[in-house]
Amino acid sequence: MTTITPSRPAARPGRGGFAHLLRAEWTKFRTVRGWVIAILVATLVTLLLGLFIGSHSHVAPCTDGPNGPACRYIIPTGPGGEAVTDTFYFVHRPLTADGSITARVTSLTEVTESGTTPQGGPAHTQPVLVPWSKAGLIVTAGAGQGSAYAAVMVTGGHGTRMQWNYTGDTPGLGKGAGEVGGVSAASPRWLRLSRAGDVITGYDSAGGTSWTKIGTVTLPGLAPAVQAGLFVTSPGSAKQTSQQITSASGTAAPTDATATFDRVTLHGGRPGSSWTGTSVNAGPDSPYPTGHEAGYRQAGGAFTVTGSGDIAPDVTGGVPIDVLLAGLFLALVAVLVAGAQFMTAEYRRGLIRVTLAASPRRGRALAAKAIVLGAVTFAAGLAGAAAAVLIGIPLLRASGNPVYPATALTEVRVIAGTAALAAVLAVLALAVGAILRHGAGAVTAAITAVILPYLLTAAIPVLPAGAADWVLRVTPAAGLAIRQVIPAYPQVAASYTPSSGYFPLAPWAGFAVTCAWAALALALAACFLRRRDA
Amino acid sequence: MRESLHAEWTKLRTLASTFWLLLAAAALTAMVSAAAAAAVRCPAGGCADDPAKISLTGIYLGQAVVAVVAVMAVSGEYGTGMIRLTLAATPRRLTVLAAKAAVLAGLVLVTGAIAVFASLLAGGLILPGHGIGPSHGYPAISASDGAVLRAAFGSVLYLALIALLSLGAATALREAAAAIGAVLGLLYVLPIIAVFTGNATLSRHLEQIAPMTAGLAIQATTGLNTLPISPWAGLGVLAAWAAGALVLGGILLRSRDA
């Protein structure tokens, strides 16, 4: 035992040695029937549950939307491909070249509607403050849903703003703390939108003499002939978000906003054209709550315009594609069991002594195990997740669910991210197994660290929102954020809670937290593996 | 049967891990419950909170540790080969399983009673300071309230039934890691799947038959009409799961070589 060889043996593990280690670990993995079955079951469960949800899910508005059945509703998409709601009342004239539009807003009030009369109007209206009601000037490529646009507006509670192409938002006057930004005849607000080619600049002013530029935006490919005019819209109150489709709701009360504009001037309008009122909306199938009072009156130089809806990203009406990956949670159980056992079985069978005799540099043996396990899980997860999402989306659509559009990049992030998350968590379970050297203990620790936090914050929200956010920031469950499809938008009022599918961390930040846990566990495992006798 | 009970009691009692795991189950339950109570804020009152249910949040975590104790009571014997000695000493295998179930249920009932008492005590002390107490119109957490008593006794029974479910699963699967994975998957994952089905009817049915969501209906003291299943019926569903697991485990125990 104490023989000392003067020169290092030729079989010293180098790069080739590590390849041998990988091969050995791969052989161990693929020859244990239970682990192969676990990985196959994980893949299959992800796929089958995706198909099941795709064909069995029925969003509530599909059967009883506020405006009747909404089964064939297709969510409009904006210029960036994101889901949008594009509903407002528009008093407009064609703008055929460069020009500008200016107006003064002297009032903006909102009412909430309840009940319906036999004529289809609201039975009762009640004054209410809608912080994101909007009244102002807009230049839009057309009245089609999801058209490119730029607008300046006063809002019910967020001051003057310039918004463009649904997701863009810049504050103007009245953004200071405590300033509600409400307009009145005593303190009106002047707005101006000027257009040069496809560049649009928004201004606001308190007195109409000194103008402040809010922002300049480029709407690529804007046609020479556009529509410019006044718009008013007001989102439903008490909106609920619905990334998780069971909570999809059309229960928000519709609101109407009414604004008064005067001193309206349009430069560059087509000569001889007159103001036209158009109700821009997504049709009767839209689940978005809209009021019934839309219209406009023109008296002297003043316009009184009433509108309902929103020009904004849609966070309420659709089904995000990540619901198709619900099987991940079942798959994770199988993966965590296999991952923990990949390590603890060696201790139970005594194989670890052979493994460590063959690879005396113990950290390398652990690394080889982690790489093999991670790669196998990633490949299996990728197959399952890709099939579930790609086959599930047409099924979801065919069963009448409005599916949120997702860019190819988002789809790749959700699918590959889910597979990567499964791989990282499998490695975490492996490392916990190496630390505890006890199969049941390692599996319990891994499942309670990964699945239980998600269960208590999102699925059965027993924890209050503040605590839930905190839990999803620091536990290994933070990585589940990689599945979030629709981001939270500050300019859309909604309850962005974990139970509505919104994670407190950005997708990659959440994933990084999980990776940090896995790295920490691996480091501890390597340390223990070196220090302890096997 | 008496010898069997004595044997199982001696085996469980003399295993150091049993004591520490049960202590951990009680401590974790009480700690998570207290943390949940401390995290709830309702200064203005009028929140739809159920004081007893919040005070018993720790059961969600405590049940996992209880499940480990139950699984190890069987799988530990398979891991060490002890099971062959046990079955040689008591050839009537169902007697072994029944004795294990009885001893385990007794231990978990005691542990659960301590955990539930500590949790409710913590909730009763913390919650009123956070706007969820009798001064804001909420029912006090007291032993004279029938609904609170139901939640308390029900939660203790819940833990015992989880132990029996885990025992049955471990007897059927033998492998500790696989058994605990199956039990925790059944408990934790079914409610998540229910949320994602996107089909209200299907989701409600899943919540009615899933052992955790059905069983924990017993914790509700307010808003009983919004529950997927009534409290005692829910605990009955969990009891059916536990009985099913024990029967399956018993059949497999009798029919397989150890």
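Throughout, read-outs are computed from the coordinates displayed, never taken from laboratory work. The structure displayed is predicted, hence computed values, not measured ones. Neighbour counts are summed over all protein chains in view; Cβ atoms, including those assigned to glycine, are modelled from backbone coordinates with ideal geometry.
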Matching residues in the stretch B:161-190 (surrounded by fewer than 24 Cβ atoms within 10 Å (Cβ to Cβ) and at the interface with chain A (Cβ under 7 Å from one of its Cβ atoms)) number 1
Checked the stretch A:75-116 for anything outside any strand (DSSP E or B) and surrounded by fewer than 19 Cβ atoms within 10 Å (Cβ to Cβ); matches are A:PRO79, A:GLY80, A:GLY81
In the stretch B:94-117, which residues are over 14 Å from the mean Cα position of the chain (by Cα) and surrounded by fewer than 19 Cβ atoms within 10 Å (Cβ to Cβ)?
B:LEU94, B:THR95, B:ALA98, B:ALA102, B:PHE117
So how many residues does the stretch A:316-357 have that are assigned to a helix (DSSP H, G or I), among the polar types (S, T, N, Q) and closer than 30 Å to A:ASP86 by Cα?
0
Checklist (1) more than 13 Å from chain A (Cβ to nearest Cβ); (2) of a type outside the set (A, V, I, L, M); (3) under 22 Å from the mean Cα position of the chain (by Cα) applied to B:GLY58, failing item
(1)
Would you check if B:THR213 is touching a residue at least 40 places away in the same chain (Cβ under 8 Å) and among the β-branched types (Val, Ile, Thr)?
no
Between A:GLY339, A:GLY381, A:GLY374, which is buried (at least 24 other Cβ atoms within 10 Å of the Cβ) and more than 11 Å from every other protein chain (Cβ to nearest Cβ)?
A:GLY381
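Residue by residue through the stretch B:193-240, note down the ones that are part of a loop (DSSP other than H, G, I, E, B) and of a type in the set (A, V, I, L, M, F, W, C). Reasoning before the result, please.
To start, the set of residues in the stretch B:193-240 that are part of a loop (DSSP other than H, G, I, E, B) comprises B:197-199, B:210, B:220-223, B:227-230.
Once the filter is applied, which keeps residues that are part of a loop (DSSP other than H, G, I, E, B) and of a type in the set (A, V, I, L, M, F, W, C), the stretch B:193-240 yields B:ALA210, B:ALA220, B:LEU227, B:ILE229.
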So, B:LYS11, is that one within 10 Å of another protein chain (Cβ to nearest Cβ), in a helix (DSSP H, G or I) and among the basic types (Lys, Arg) or not?
no
Restricting attention to the stretch A:100-135, which residues are at positive phi and in contact (Cβ under 8 Å) with a residue 60 or more places away in the chain?
A:GLY120
Which members of the stretch A:265-282 meet the condition of being surrounded by fewer than 19 Cβ atoms within 10 Å (Cβ to Cβ) and in contact (Cβ under 8 Å) with a residue 40 or more places away in the chain?
A:THR265, A:HIS267, A:GLY268, A:ARG270, A:SER273, A:SER274, A:TRP275, A:THR276, A:GLY277, A:THR278, A:SER279
For the stretch A:34-60, give me the residue count where each residue is within 21 Å of A:PRO402 (Cβ to Cβ) and away from every other protein chain (no Cβ under 11 Å).
1
Look through B:TYR158, B:TYR138 and report the one residue that is more than 9 Å from chain A (Cβ to nearest Cβ) and either under 29 Å from A:PHE329 (Cα atoms) or of a type in the set (Asp, Glu) (or both).
B:TYR158
If you take the residues in the stretch B:142-172 that are free of Cβ contacts under 8 Å to residues at least 24 places away in the same chain and in a helix (DSSP H, G or I), which one is nearest to B:ALA67 (Cα to Cα)?
B:PHE153
